[in-house]
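The next block holds one structure in the form of C-alpha cells; read it before the comments.
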Amino acid sequence: MSGSRIQLGLRENAAQFGLLVAITALVGAMVGLERSTLPLIGEQEFDLTSSAAVLSFIVAFGLAKSFTNLGAGALAERVGRRRLLIAGWALALPVPLLIAEAPSWAWIVAANVFLGVNQGLTWSMAVVMKIDLVGPKRRGLALGLNEAAGYVGVALAAALSGWLASDIVARDVLVAGGFGVAVAGLAATFVFVRDTSEHVALEQARDHAAESGEPPALAEAFRDATYRDRSLRSCSQAGLVNNLNDAVAWGLVPLFLAADGASLGEIGFVAGIYPAVWGLGQIYTGHWSDRVGRQPLIVAGMLLQAVALAVLAGSGAEVAIAAIAAALLGAGTALVYPTLIAAISDAVSPVSRPTVVGAYRFWRDMGYVAGGLLAGILADAIDFSAAILIVAALTAVSGVWVAIDLRPASRATGLSEAAQEI
C-alpha cells in the first residue's frame, strides 16, 4: 500500500480493523479457557489445599504479562507491531502442551508464564494497531470495540469450557481449545495482518508536527505513567485495581462458589456473565467517553465495581446472587476498561503512545499479581467473603483517587487540553 493511499479513520480502514477485532476475540478466548476450570483443576487434580497456592498461576501470569507489556510498548516502534503480534501467537503454542503434560502444578504455573507473554504481546499490539488506524476522533469507540471483542471471547470460552468440563476431563478441554485458538490466531496474523507504521507517521505529521518524531525513552515514559503526570498516574492506579478485581473474579470466585457446592456448569455460567457484560458494554461505553469525557465514566465504573464486590461478599455463595454481582462487576468494568486506555492515548503523541500505553499496561496487569497474592493470602487467613470485601473497599478508594487526580477532558471529544493546543 502506497503512502498516498493511507488514511485515518474507522470506515477508511474497516477491513483491517475488523480483522484485528476478530484476532482480539481469539486473544481473549485463549485466556478465557482457564477462567472456570483451572482453579478447580488445582484442587482436584493436584490436591492443592491453599488458595494462595492455587492462585500462584495468576501471579505468574500477571508478572509475565506486565513486563511483556512494558517491553512491547518500547519495542513497537523499533521492531514493528505486526512482528510482535506474530511473536505473541507463536509463544502461545507451548501453553496447551505444558498443560497436557503437567506432572505437577509448577508446570501449570510455567504454562501461565507463556500465556502472560502471549497476552502481553498480542493484546498490546492489537490495541495499539487499532488506535493507529482510526486516529483521534473515534478513539474511544475503537477501544470499546477492541475490548468488547476480547472480553466476549473471554466470556464465551469461559462458559463453554465450564460446560464441556461437566462431561469431558477439564484438562483435555483446556488443551484442545488452547491449541486450536493459538494456531488460528497465528495463521490469521501471519497471512492477513498489515503493519500500521504508515498510519502512525501520518497522524504524527498531521496533528503533532511540532513535537519530536522519536518515541520517548522507556524510563521517561515509565516515570510519567507511574507518578510524574497526574492524569497518567491516576489511570495507572485505577488499571491496577481493576485487574486486581479481575484476579479475584478469575481465581477466587470459582473456589468460593465450589466451596458451597456449585457445579462446574454453574461456575462456568457465573464466570461467563462477568466478561460478557464487560465485553458487550464496552461497545457503547468507549463511544460514550468520546462524547462526555473520560473521567466521569472511570469514576462511576470503579465505584460500581466496589458495589458489585460487596454484593458478592454478602451473597453467601448463592449462585443467583453471585450472577447478579458478576453482571454489576462487568458493567463497572465496561465503564472503566476502554476509557482508561483512551485517556492515556489522549494525553500523548502517536509515536509516544506505544511506550506510554505499555507503561500503563505494566501497572494495570500488576493488578493480577497483587490480586493473586492478596486474595489468596486473605482467603487463607480469614475467609473468601472477607477477602472479597477488602478488595471492594480498595476499589472504592481507587475511584475517589481518579475523581481527585484525573484532569477532566475539556470538550466532548475526550481530548485533553494539552492535546488540543497542538
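Residues checked against (1) closer than 27 Å to LEU145 by Cα; (2) of a type in the set (S, T, N, Q); (3) under 18 Å from the mean Cα position of the chain (by Cα):
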residue: LEU264; (1), (2), (3): no, no, no
residue: ILE283; (1), (2), (3): yes, no, yes
residue: PRO296; (1), (2), (3): yes, no, no
residue: ALA313; (1), (2), (3): no, no, no
residue: ALA320; (1), (2), (3): no, no, no
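Sub-6 Å Cβ pairs linking a first residue in the range 272-287 that is over 11 Å from GLY140 (Cβ atoms) to a second residue that is among the hydroxyl-bearing types (Ser, Thr, Tyr) and surrounded by 24 or more Cβ atoms within 10 Å (Cβ to Cβ), at least 6 apart or interchain, are PRO275/TYR151; TRP278/TYR151; TRP278/THR333; GLY279/TYR151, ordered by first then second residue.
Of the residues PHE67, PHE46, PHE61, only one is crowded, with 19+ Cβ neighbours inside 10 Å and modelled with pLDDT of 90 or more; which?
PHE61 is the lone residue from the list that is crowded, with 19+ Cβ neighbours inside 10 Å and modelled with pLDDT of 90 or more.
Restricting attention to the range 182-202, the residues that are surrounded by fewer than 21 Cβ atoms within 10 Å (Cβ to Cβ) and either modelled with pLDDT under 80 or not in a loop (DSSP other than H, G, I, E, B) (or both) total 11. Checking each residue in the range 78-132 for being β-branched (Val, Ile, Thr) and either closer than 17 Å to ASN146 by Cα or surrounded by fewer than 23 Cβ atoms within 10 Å (Cβ to Cβ) (or both) picks out VAL79, ILE86, VAL109, VAL113, THR122, VAL127, VAL128, ILE131. Among the residues of the range 300-347, those that are touching a Cys at 6+ places or on another chain (Cβ under 7 Å) and not β-branched (Val, Ile, Thr) comprise LEU340, ALA343.
Annotation: ALA15 fulfils all but one of (1) surrounded by 19 or more Cβ atoms within 10 Å (Cβ to Cβ); (2) at pLDDT 90 or above; (3) more than 21 Å from ASP246 (Cβ to Cβ); the unmet one is (1). Only a single criterion out of (1) on the phi > 0 side of the Ramachandran plot; (2) surrounded by fewer than 24 Cβ atoms within 10 Å (Cβ to Cβ) is not satisfied by ILE321, namely (1).
Got a number for residues in the range 320-354 being assigned to a helix (DSSP H, G or I), in contact (Cβ under 8 Å) with a residue 40 or more places away in the chain and farther than 16 Å from SER231 by Cα?
Restricting attention to the range 320-354, the residues satisfying the condition of being assigned to a helix (DSSP H, G or I) are 320-346, 353-354.
Checking the rest, the ones that are also in contact (Cβ under 8 Å) with a residue 40 or more places away in the chain come to 322-323, 326-327, 329-331, 333-346, 353-354.
Next, only the ones that are farther than 16 Å from SER231 by Cα stay: 322-323, 326-327, 329-331, 333-335, 354.
Counting residues in the range 320-354 that are assigned to a helix (DSSP H, G or I), in contact (Cβ under 8 Å) with a residue 40 or more places away in the chain and farther than 16 Å from SER231 by Cα gives 11.
In the range 150-169, the qualifying residues are those that are among the aliphatic types (A, V, I, L, M) and surrounded by 20 or more Cβ atoms within 10 Å (Cβ to Cβ), and the one that is nearest to the chain's Cα centre (by Cα) is VAL154. If you go through the range 349-386 and pick out every residue that is over 21 Å from MET129 (Cα atoms), among the aliphatic types (A, V, I, L, M) and surrounded by fewer than 24 Cβ atoms within 10 Å (Cβ to Cβ), you end up with 10.
At least 1 residues being over 17 Å from SER51 (Cβ atoms) and out of contact with any strand residue (DSSP E or B) (no Cβ under 6 Å at 6 or more places or on another chain) is the threshold, and among the helices (runs of 4 or more DSSP H) wholly inside the range 229-319 those reaching it are 230-247, 264-292, 295-313. Looking only at residues of the range 246-286 that are of a type in the set (Val, Ile, Thr) and touching a helix residue (DSSP H, G or I) at 6+ places or on another chain (Cβ under 6 Å), we find that the one that is nearest to ILE168 (Cα to Cα) is ILE267.
The values are calculated or read from the model by the stated rules, or taken from the named source; none is laboratory data. As the structure is a prediction and not an experimental result, all values here were calculated from the model. Note that each Cβ is placed from the backbone with ideal geometry, even for glycine, and that neighbours are counted across all protein chains shown.
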